[in-house]
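Worksheet for the structure shown next.
The values are calculated or read from the model by the stated rules, or taken from the named source; none is laboratory data. Quick caveat: nothing in here was measured; it's all calculated off a predicted structure. Positions of Cβ are backbone-derived with ideal geometry, glycine not excepted, and every protein chain shown enters the neighbour counts.
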Amino acid sequence: MNVFDPCSAWSGSFAYVAKDGVCSDHSTCYLAIDNAYKGSSSFREILIRAEFFLEELTFDKSITVILSGGWDDDYSSNGTGLSVIGGSLTITAGTVIVDKIVIQEGTTSLAQTGLFSCGGG
């Protein structure tokens, strides 16, 4: 049986996603998750800033991709953050591994997710 090992399969092919298009000093920066996925067949891991994304995603390539969410502004840590997709994720081919991402169909803003609080502790 052939079991996929995500810790040994990658050779440094990364894409970065931030809604403002600023991904620290990384040149492969996209405004949307869908754009990063479709941007190149060579990207195997997509690092997504801890933000809200309104997207309907369809993954249809016969490749394995890691969607890694919750990254801070300089992509040095994803320890406590989450990325939120207000929409859907459909996989018709390949394999998608999801880490620190919340998918909420019908959500149109971060305020609707309930994943934050206003005011002090």
- Message: Could you tell me how many of the residues in the stretch 25-65 are polar (S, T, N, Q), out of contact with any strand residue (DSSP E or B) (no Cβ under 8 Å at 6 or more places or on another chain) and touching a residue at least 24 places away in the same chain (Cβ under 8 Å)?
- Response: 2
- Tally of residues being under 13 Å from Val96 (Cα atoms) and over 14 Å from the mean Cα position of the chain (by Cα) across the stretch 22-59: 0
- So Ala9 fits all but one of (1) in a loop (DSSP other than H, G, I, E, B); (2) small (Gly, Ala, Ser); (3) farther than 18 Å from Thr92 by Cβ; (4) at pLDDT 80 or above; what number is the exception? (4)
- Query: Which of the residues spanning the stretch 68-82 are on the phi < 0 side of the Ramachandran plot and assigned to a loop (DSSP other than H, G, I, E, B)?
  - Reply: Asp72, Asp73, Asp74, Ser76, Ser77, Asn78, Gly79, Thr80, Gly81, Leu82
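Matching residues to (1) surrounded by fewer than 18 Cβ atoms within 10 Å (Cβ to Cβ); (2) hydroxyl-bearing (Ser, Thr, Tyr); (3) within 20 Å of Thr28 (Cα to Cα):
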site: Phe59; (1), (2), (3): no, no, yes
site: Gly69; (1), (2), (3): no, no, yes
site: Asp72; (1), (2), (3): yes, no, yes
site: Ile85; (1), (2), (3): no, no, no
site: Thr95; (1), (2), (3): yes, yes, no
- Message: For the stretch 82-120, give me each residue that is at pLDDT 60 or above and small (Gly, Ala, Ser).
- Response: Ser83, Gly86, Gly87, Ser88, Ala93, Gly94, Gly106, Ser109
- Across the stretch 17-41, the tally of residues that are under 23 Å from Thr90 (Cβ atoms), at pLDDT 80 or above and not β-branched (Val, Ile, Thr) stands at 9
